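The values are calculated or read from the model by the stated rules, or taken from the named source; none is laboratory data. None of these values were measured; they are calculated from a predicted model. Because the Cβ atoms are built from the backbone with ideal geometry, glycine has one as well, and the counts that use them run over all protein chains shown.
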Amino acid sequence: MSNIDPTEVFRQEAADLIETLEQALLDLETRPDDRELVGLAFRALHTLKGSGAMFGFTAVSEFIHEFETAFDRVRKGEAAVDGRLIAAALDARDHVSRLIDDPDYDPERGQAILGALKIAVSGEAKASQVSEPLGTSSQPAPATSEAAAGWRIRFKLATDALTLGSNPLLLLDEMRGLGPCEIVADASAVPPLEEIEPQHSYLAWDVTLKGPVEREAVDDVFLFVRDDMELTIEPLAGDDDVGPAPVAAVQAPLPAPPKAETTSTAEQQETGPVAAEPRAAAAQPAATTKAERNATLRVPAERLDELMDRVGELVIAQARLSQLAETIHDPSLVNVAEEIERLTSSLRDTTMGTRMVPFGSLFGRFRRLVRDLSEDLGKPIDFVTEGEDTELDKTVIEQLADPLVHIIRNSIDHGLERPDTRAELGKNPAGTLRLSAKHRGAEVAIAIRDDGAGLNAERIRRRAEEAGLISAGQSVADGELYRMIFQPGFSTATQVTALSGRGVGMDVVKRTIDGLRGSIDIDTVSGQGTTVTLRLPLTLAIIDGLLVRVGADRYTIPLAAVEECVELPEGIDAEARGRSFINLRGELVPFLKLRSLFGAENEPDRFQKVVVVSSENTRVGLVVDQIIGNNQTVIKQLSSLHSGLKTFSGATILGDGTVALILDVMHLVGFGQKIEERRRAETLEKAA
Amino acid sequence: MTQAQETNAMHALTIRLQDEMFALEATNVREILDPVPITRVPNAGAFVGGLINVRGNVVPLADLRVSFGMDRPPADTDTRIVVMEIELDGEPMVAGILADKVYDVADIEAASIEEAPKVGMRWPAEYVRGIGRRDDDFVIIPDMQQIFGARANPAANSN
């Protein structure tokens, strides 16, 4: 517990809230009359302000306070939602996230944004902006810095406050620290002795604090006990007569919402129209939001990683148990081993499930990106998303964000034509950008499709030749040519814009996708658009594997990539006859001899087996000595000493405790193809 | 930390490779194992040609004898694997080191440690951090960062 940095917790929470806010704002743009969205945005702001203040992010909470005040007009129906408001609010949202990183970030810009926001909410009555002179001081005042002659504070802790560890004496001490105090305890609520619950708090206190103390300082005293307590704070008007302040007076200083906060529970985040009766209004929505909140739980990512590691170890231990049970042949032991095997594999699936995140969690930020780009470039864009529910391992999702930003940016900037050009071409002036994600076997395919001009193969070729990536006149397959745009420094943009064209970025895409052991495909039809498809492995943690033996060593092949296993027809000696294809029901499938690839030294088995695997769209046979069987494979990353070996995607520990390497089918096929090409080139040379 | 150790004495685990005594920083040593099954990594080169299972973790096994151009006889009853932490490009990493024999933990006086001579040494100078003395024997203090750093980016790996 104690090693968690509280500001880090705030940052995480803030990131979520900011995202909620952004989504709500973007949705509001299309559905401006949706009161629920307004409420959602307001609640996000409100919570953000509260926790910002609590964690000492004063600049953030002050800024949000103004933001909230402006937005409150929308919530109350005094201002309408329009494009201007959304734009200003989005700017404000950006400013908030910058402030969280750097509290001193450009205050002038902050003021400008707030100004714009105010004008936006002032609606038809533009005059109101006159009545509000400057940014920060626009608020009726007391909240930030009024230092009255003193304060009258009346507070009563929640009944269970003592049980929860609050100590009213400390609060009183703290107030004494602020200035001279007169403290009167109000014991009127104390029940008769026989009804007293010793752990309950019954007392209320009236404190008259004299001296020029800031309101905030008083608020701070109650910062951590504010929930559910009754608290009224009023300025002391000069030589005010002393006496218990009537609770009814609470209603008096209520004009601004931040004050309402002190009387209501911090949890409440009212959805009702106006918090005239905070407590009553709070009761119901609080109940529903609580239930919703219980449905999900925030868990630090490293704890999930740790859990996954433990499950991994369990799977390994279970494999050992199964192997032992098999050798001992004790039926009761076999029973237990099978039971444990079943439990482990369901535990494995559940644990992996907790790491899966819906792809839709990424869509949000792309909507914003598309919206901003569309505005900046003056290209109206219809952004369509599909497959929000497609789940991916969280580490994969996290790493995907950046590459996708680059691809989307590229599609909008280079792919989609300007509206007038589109109109001339007879296309809808608004371009369409479609982002979709779907499962395909053990892979996830993510496609970004635009209906723009398509890639210009000629231009790419010219550029590739200039950059020396291919020699002039060399014949290159279209797919390969298109993939060149992912080379570092490669850009066909004749004009460098602020967005793209510098050739930085697309190589980031390639590097990240390679790092995730995925692949990129580009499809383009001139004049009709481009589709970039990213294929990624579903998970990076545990997979089902097929254990094989090559020479004296054992290797695991990801089962999801395996299509079938056949026997290598006797007498096929590929090298000698210059062919390495097997006939699979009339189809020729090339095969690779893993023995020679891995330099196996002992005698090959007489009957060689072929494991047919598919990668991307090609099928390849891997020739092995023996197929041992299925196993659950916990993927362990290889150290940096071995990370250069692309033939292996990792290693795993087998039931007998030895390590087996996991074959990376995709790269292995590439490796095999290279060897093939080299041999073909050699034979050509010989022939020449 | 290393500064302090160097000024006083180096707390070292001494091992034998071929006929030479080597000193490994004892604080980085995690454990010493009897020989375990080694999984060969094809195309990885001789220096880190294997992987071993250390308590459920896959750990690369390095053979310093390759770096120092020594003979590599098969494992015998004295052979051990020293599991230790090595910093590689600023990242800590655990690796196993094959030792022909493990002697003991000893303090090597800082005063006795000399820089590796630039000439007249059979070993690549960049791999030797210093040469200490223990009783009447020389002890080679290998520079693990250099040795592993040179292998971390195996350009030689064809694939």
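Observations on the model:
- Taking (1) of a type outside the set (Phe, Trp, Tyr); (2) within 13 Å of chain A (Cβ to nearest Cβ); (3) out of contact with any Lys or Arg (no Cβ under 9 Å at 6 or more places or on another chain) in turn, B:Thr77 satisfies each apart from (2).
- Any hit, region A:392-399, residues being surrounded by fewer than 15 Cβ atoms within 10 Å (Cβ to Cβ), farther than 24 Å from A:Ile18 by Cα and out of contact with any Phe, Trp or Tyr (no Cβ under 7 Å at 6 or more places or on another chain): no
- Contact map, region A:451-471: residues that are part of a helix (DSSP H, G or I) paired with residues that are among the charged types (D, E, K, R), Cβ distance under 7 Å, separation 6+ or inter-chain. Pairs shown: A:Ala457/A:Asp478.
- Top-ranked residue in region B:65-108 [being crowded, with 18+ Cβ neighbours inside 10 Å and part of a helix (DSSP H, G or I); ranked as modelled with the highest pLDDT]: B:Arg65
- Options B:Pro117, B:Pro92: the member that is under 26 Å from A:Ala660 (Cα atoms), of a type outside the set (Val, Ile, Thr) and free of Cβ contacts under 8 Å to residues at least 24 places away in the same chain: B:Pro92
- Total residues in region B:42-59 satisfying the condition of being at the interface with chain A (Cβ under 8 Å from one of its Cβ atoms), free of Cβ contacts under 8 Å to residues at least 60 places away in the same chain and on the phi < 0 side of the Ramachandran plot: the figure is 7.
- Once region A:210-224 is narrowed to residues that are surrounded by fewer than 14 Cβ atoms within 10 Å (Cβ to Cβ) and out of contact with any helix residue (DSSP H, G or I) (no Cβ under 7 Å at 6 or more places or on another chain), the residue that is farthest from A:Gly150 (Cα to Cα) is A:Phe224.
- Strands (runs of 3 or more DSSP E) completely within region A:335-402 that count 2 or more residues being at pLDDT 85 or above: A:381-386
- Test for A:Ala447: is it at pLDDT 80 or above, in contact with a Ser or Thr (Cβ under 6 Å, 6 or more places away or on another chain) and either surrounded by fewer than 18 Cβ atoms within 10 Å (Cβ to Cβ) or in the same structural domain as A:Leu433 (by TED's automatic domain parsing) (or both): yes
- Matching residues, region B:84-99, being in contact with an Asp or Glu (Cβ under 6 Å, 6 or more places away or on another chain) and more than 13 Å from every other protein chain (Cβ to nearest Cβ): B:Leu98
- For region A:672-684, the criterion of being assigned by TED's automatic domain parsing to the domain that holds A:Leu622, among the polar types (S, T, N, Q) and modelled with pLDDT of 80 or more is met by none of the residues.
- Residue in region B:128-150 that is modelled with pLDDT under 80 and farther than 15 Å from B:Glu20 by Cβ present: yes
Residues checked against (1) farther than 30 Å from A:Ala317 by Cβ; (2) within 14 Å of chain A (Cβ to nearest Cβ):
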position: B:Glu25; (1), (2): yes, no
position: B:Val29; (1), (2): no, no
position: B:Ala62; (1), (2): no, yes
position: B:Val102; (1), (2): no, no
position: B:Ala106; (1), (2): yes, no
position: B:Pro124; (1), (2): yes, no
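- Looking across region A:630-666, the residues that are within 7 Å of chain B (Cβ to nearest Cβ), closer than 16 Å to B:Gly49 by Cα and in a loop (DSSP other than H, G, I, E, B) come down to A:Ser639, A:Ser640, A:Leu641, A:His642, A:Gly644, A:Leu645, A:Lys646, A:Thr647, A:Thr658.
- On the stretch given as region A:403-440, residues that are part of a loop (DSSP other than H, G, I, E, B) and touching a residue at least 60 places away in the same chain (Cβ under 8 Å) total 1.
- Set side by side, the residues A:Pro32, A:Pro6 differ, and just one is more than 14 Å from A:Arg75 (Cα to Cα) and not polar (S, T, N, Q), which is A:Pro6.
- Those strands (runs of 3 or more DSSP E) of region A:154-256 in which 3 or more residues are over 24 Å from A:Gly50 (Cβ atoms) and at pLDDT 75 or above occupy A:181-186, A:204-210.
- Within region A:47-97, being more than 17 Å from A:Glu22 (Cβ to Cβ), surrounded by fewer than 20 Cβ atoms within 10 Å (Cβ to Cβ) and among the polar types (S, T, N, Q) holds for A:Ser51, A:Thr58.
- Residue in region B:69-78 that is touching a residue at least 12 places away in the same chain (Cβ under 8 Å), out of contact with any helix residue (DSSP H, G or I) (no Cβ under 7 Å at 6 or more places or on another chain) and closer than 18 Å to B:Val128 by Cβ present: yes
- Applying the condition of being out of contact with any helix residue (DSSP H, G or I) (no Cβ under 8 Å at 6 or more places or on another chain) and under 29 Å from A:Ser322 (Cβ atoms) to region A:612-635 and asking which residue is surrounded by the most Cβ atoms within 10 Å (Cβ to Cβ) yields A:Thr633.
- No other residue among A:Ser332, A:Ser345 is of a type in the set (Ser, Thr, Tyr) and either within 20 Å of A:Asp94 (Cβ to Cβ) or free of Cβ contacts under 8 Å to residues at least 12 places away in the same chain (or both) apart from A:Ser332.
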